[in-house]
Amino acid sequence: ICLSSGTTSVLVDVAPAAIGSLGIFVLFVAIFAIFSPKYGKGAILIGLFVWVVVALFFLSLHVSDLLFGLAFFLICYILAILLSQKISNQNLKVEDVKKPSTDLDIIRRGILGGLVAAAAVFLSKTLDPSIGGLVTMFPAVTSSTYFILLHDYPNKYVSYLASKMVSSSILFVIYVLSVYFVYPILGVYLGTLFCFGFICSCGYVLTKLKN
């Protein structure tokens, strides 16, 4: 989005929407974790329905303030943690594995991720940068991943994996915030390398803390 607009100042509009929509993404993951043991792949549709409803509400707020976006994320994040806590506390092991993910599965997820990124850039240029920020967090790749996992693993195990993803989603916010502050200083290319390295370090620390 920054490259297509030719300036990093667009982050003022994109970042609050992206952070707020991360909260919606976390709700999607939590809803999927709750319903997937019983409904399987149908839980993806339930989660996407919730995502659309909350996203429309978020758009109606016309969020342009970073702190407001953070507050919205925290509300969604806490709610998602509470919803998925019972599932994440289970101690499940892999069993009855049908087959591992193939190269085609990985390519398919990559294509979906690329389409979402392209849609975000297109909408930010034709409609509004904040809408582009919202679309960047549309769970297309996550949905396809869950679909594949539900084909390969028992429903309860996939639900457990999803519940563990809820707490780790805080890393997405850290990445967006680092982009917000670093891009104007280092530019898009060096800023991306720095932020990617920084978020990998944060992920490593978070994993150690969890262990």
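The values are calculated or read from the model by the stated rules, or taken from the named source; none is laboratory data. Only a predicted model underlies this, so the values are computations on that prediction, with no experimental measurement involved. Virtual Cβ from ideal backbone geometry, glycine too; neighbours counted across all protein chains shown. For accessibility, only protein heavy atoms count, side chains too; no ligands or nucleic acids. Shrake-Rupley method; radii C 1.70, N 1.55, O 1.52, S 1.80 Å.
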Of 199-206, 62-69, 139-146, 156-163, ordering from highest average Cβ density within 10 Å down gives 156-163, 139-146, 62-69, 199-206
Rounded to one decimal in nm, the spacing of the 7 Å Cα→Cβ label points at Ile111 and Phe57 is 3.5
On the formula 1/(1 + (r/R0)^6), with r taken between the Cβ atoms of Lys41 and Thr192 and R0 of 45 Å, the FRET efficiency rounded to 0.05 is 0.85
Among region 59-84, those whose backbone N falls under 20 Å of a label point 7 Å along Cα→Cβ from Leu177 are 63-82
Excluding ligands, DNA and RNA, the carbon-plus-sulfur percentage of the accessible area of region 157-211 with a 1.4 Å probe reads 76
